[in-house]
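As structure tokens, the structure follows; a few thoughts come after it.
The values are calculated or read from the model by the stated rules, or taken from the named source; none is laboratory data. Model, not experiment: these values are computed from the prediction. Cβ sites come from the backbone with ideal geometry, for glycine too, and all protein chains shown count toward neighbours.
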Amino acid sequence: MRIVDIRETAIPLKSKLANSSFDFSEMTTSVVAVITDVVRGGKPVCGFAFNSTGRYACGAQMRARFIPRILAADPGTLLDAGGDNLDPAKIFTCMMRREKAGGHSERSIAIGTIEVAVWDAIAKIAEKPLHHVLAERYSDGKVPAKVFCYVGGGWYWPGQTIKDLQDEMRRHLDAGYTLVKMKVGGLPLEDDVRWLEAVLKVVGSGEHLAVDANCKFDRAEALRYAKALAPFKLRWFEEPCDPLDFALLAELASVYAPPLATGENLFSTPDVENLARFGGFRADRDIIQIDPPQAYGIGQYARTVDMLARHGWPRRSLFPHGGNQMSLAIAAGFGLGGAESYPGVFGDFGGFADDARIVDGAIALSDRPGIGFEGQAALYRIMRELVQ
């Protein structure tokens with residue numbers, strides 16, 4: 001048993017949407033295939049992943065360092081104790097050889113994307129859904145039948161009106177979602193509040209609405225928004241400032257009683273621990289949103305979850321960023337608070353399997369082996385092209 005090849009390609013998202021800080025017109029993502037010599041169903045097992053959304057393709061690092069290290073290793077040193085499957089921890093260690101401490105974001109996304117693709121292959125070799133494999137290893141075998149899921153929507157589109165935004169939110173509710181998220185910070189505060197009030201007329205109350213500022217605000221503006229948003233008692237106020245400004249996050253937490261959220265732009269366990277230690281975040285209400293493929297992968301995410309538990313954080317307060325099959329499998333396998341969804345955005349990379357359905361805010365889980373990309377016809381077509 002061995003990995004025979006690892007391939008990467010960069011795909012443009014071709015999206016016109018925008019948040020408060022930037023648009024996605026130049027955004028790309030890396031798609032990775034880990035090809036093994038194990039045969040299932042008459043075909044070699046291939047593990048797939050992509051580096052989520054919001055960060056550019058990172059194939060240069062993969063091809064220069066991480067892929068060659070794996071392919072040059074003795075195949076036997078990358079197998080589990082039984083020799084009948086790949087060992088993700090050993091493969092991670094192989095990729096990290098001769099890597100200096102710190103500087104995480106320069107390599108964490110490239111390593112994490114390959115590592116998640118390895119997990120897809122591991123689950124396919126075991127002929128189990130990835131969330132089953134993760135539950136067995138990290139959640140005492142507790143496999144949920146469904147996962148809570150919210151919509152990451154409310155983007156700034158060219159020419160968008162308040163009615164357009166309200167219509168979007170109605171579509172999400174009609175599709176079965178019970179919690180939606182919208183962007184703030186792309187308009188003046190008074191206009192953002194007006195748009196928020198219009199959305200609340202659709203969703204009913206603040207517990208059904210979260211807002212995301214995408215790290216836009218300096219101290220003065222963050223405090224202004226916190227004061228204006230507090231009366232609405234929103235589900236959470238996400239990324240109000242620079243993700244590494246733990247002092248400002250702590251100050252906001254001291255004056256903003258409703259939940260805050262951040263984490264998608266933290267790429268290592270030490271960074272997340274600094275958030276827990278110095279960011280003033282409150283484990284009884286706030287939300288941490290690490291994106292595992294961008295933060296060294298699933299094995300490192302498990303270490304981050306364990307670290308947060310030592311700081312008193314329950315798994316229900318963890319929502320992986322991403323809005324895709326990878327984050328859904330991880331949320332289910334670890335028993336987290338829920339998953340994000342990006343219906344109708346990010347082209348072939350947003351959303352879940354074509355047959356997925358949301359009922360009362362939750363999504364039922366597929367029994368497809370691995371992550372389940374095979375259930376997304378358009379995305380799987382891109383992935384298959386890497387191995388043909």
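For the stretch 338-373, a residue qualifies if it is in contact with a helix residue (DSSP H, G or I) (Cβ under 8 Å, 6 or more places away or on another chain), farther than 16 Å from residue 152 by Cα and among the hydrophobic types (A, V, I, L, M, F, W, C), and the qualifying residues are 353, 356, 365, 371, 373.
Checking each residue in the stretch 81-102 for being out of contact with any strand residue (DSSP E or B) (no Cβ under 8 Å at 6 or more places or on another chain) and in a loop (DSSP other than H, G, I, E, B) picks out 81, 82, 83, 84, 96, 97, 98, 99, 100, 101, 102. For the structure I just gave you, tell me whether residue 184 is buried (at least 18 other Cβ atoms within 10 Å of the Cβ) and under 23 Å from residue 364 (Cα atoms). Answer is no for this residue.
Please go through the stretch 13-49 and give me each residue that is among the aliphatic types (A, V, I, L, M) and either modelled with pLDDT of 80 or more or part of a loop (DSSP other than H, G, I, E, B) (or both), ordered by number.
Those that are among the aliphatic types (A, V, I, L, M) and either modelled with pLDDT of 80 or more or part of a loop (DSSP other than H, G, I, E, B) (or both): 13, 17, 27, 31, 32, 33, 34, 35, 38, 39, 45, 49.
Taking residue 92, is it within 29 Å of residue 342 (Cβ to Cβ), surrounded by fewer than 24 Cβ atoms within 10 Å (Cβ to Cβ), at pLDDT 95 or above and not acidic (Asp, Glu)? Considered against the rule, which asks whether it is within 29 Å of residue 342 (Cβ to Cβ), surrounded by fewer than 24 Cβ atoms within 10 Å (Cβ to Cβ), at pLDDT 95 or above and not acidic (Asp, Glu), residue 92 comes out as yes. In the stretch 340-355 there is no residue matching the filter, namely being in contact with a His (Cβ under 8 Å, 6 or more places away or on another chain), β-branched (Val, Ile, Thr) and at negative phi. Looking at 55, 98, 65, just one residue is of a type in the set (Lys, Arg), at pLDDT below 95, over 27 Å from residue 331 (Cα atoms) and not assigned by TED's automatic domain parsing to the domain that holds residue 301, and that residue is 98. Say we look at the stretch 236-272 and pick out the residues that are in contact (Cβ under 8 Å) with a residue 60 or more places away in the chain and among the charged types (D, E, K, R); which of these is farthest from residue 307 (Cα to Cα)? Filtering the stretch 236-272 for residues that are in contact (Cβ under 8 Å) with a residue 60 or more places away in the chain and among the charged types (D, E, K, R), the one farthest from residue 307 (Cα to Cα) comes out as 264.
Kindly indicate whether residue 242 is surrounded by fewer than 21 Cβ atoms within 10 Å (Cβ to Cβ), assigned by TED's automatic domain parsing to the domain that holds residue 150, part of a helix (DSSP H, G or I) and not basic (Lys, Arg). So residue 242 fails the test.
Here residue 146 clears all of (1) under 24 Å from the mean Cα position of the chain (by Cα); (2) assigned by TED's automatic domain parsing to the domain that holds residue 49 except the condition numbered (2). Screening the stretch 146-179 for residues that are of a type in the set (Phe, Trp, Tyr) and closer than 20 Å to residue 336 by Cβ and picking the one that is surrounded by the fewest Cβ atoms within 10 Å (Cβ to Cβ) gives 148. The residue list 37, 80 contains one member that is loosely packed, with under 14 Cβ neighbours inside 10 Å and more than 26 Å from the chain's Cα centre (by Cα), which is 37. Checking the stated criteria, residue 40 turns out not to satisfy the condition of being farther than 20 Å from residue 265 by Cα, free of Cβ contacts under 8 Å to residues at least 40 places away in the same chain, not assigned by TED's automatic domain parsing to the domain that holds residue 158 and not small (Gly, Ala, Ser).
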